[in-house]
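Laboratory data are not the source of any read-out in this text; all were calculated from the coordinates shown. These figures come from a predicted structure and were not determined experimentally. All Cβ positions, glycine included, derive from the backbone under ideal geometry; neighbour counts span all protein chains shown.
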Ligand code: FES
């Protein structure tokens, strides 16, 4: 015959073990859930994010100036390296082009020369017109361009994904594939 005291002690220990197992399971589930849900949460908070490039006064109409934005996909520990440059061309009124600073050939940063109204790449002599289209050299296509919008006095760009081919300058050069050097 079972001892009632023994039975209730077993029942108590069983409940305690369930409680401990549940607590351990919950602790182990936190990193797993973080891994699974992290990209979704990240996408909402910082990925695909509109970020300011500067005030409109910084970009006079008819000129191309360097802009800067904070990489929305970085961390506070990135410090100054989170600040990224881009080229802003203010065409007129609320019409802009915002270019990635990297050459479409092998990613070197291109420089703007206002006197000739050309972007030039120091690495292999790539040259681009002010609208981002290729003028000369090895680049197989125009500069990459960010989507933008004007909010109040701020120029914003969509910086959560790679910039796309320039709308005006996206046409690949005749006889050049994007992979050719
Ligand atoms: S990287 Fe610019 S021309 Fe090659």
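If the chain linking residue 8 and residue 115 were pulled fully straight, counting 0.36 nm for each residue of separation and taking away their Cα-Cα distance, it would gain 29.4 nm.
Taking the Cβ-Cβ separation of residue 28 and residue 135 as r and a Förster radius of 45 Å, what is the calculated FRET efficiency to the nearest 0.05?
On the way: r = 59 Å, r/R0 = 1.31.
So, using R0 = 45 Å, E works out to roughly 0.15.
When each of 141, 70 is scored by the number of other beta-carbon atoms lying within 10 Å, the sequence from fewest to most is 70, 141.
Peptides 72-80, 91-99, 57-65, ordered by how many other C-beta atoms sit within 10 Å of their residues on average, highest first, read 91-99, 57-65, 72-80.
For residue 20 and residue 57, the difference between the fully extended length at 0.36 nm per residue and the C-alpha to C-alpha distance is 7.1 nm. Residues within the reach of a label modelled at residue 37 (point 7 angstrom out along Cα to beta-carbon, backbone nitrogen below 20 Å), restricted to the range 57-94: there are none.
Ellipsoid fit via the Cα gyration tensor, the range 57-111: semi-axes of 23, 16, 8 Å, each the root of five times an eigenvalue, largest first. For the range 50-165, the extents of the C-alpha atoms along the principal axes are 37, 35, 21 Å, listed from largest to smallest. Distance between the 7 Å Cα→Cβ label points at residue 124 and residue 107: 1.4 nm.
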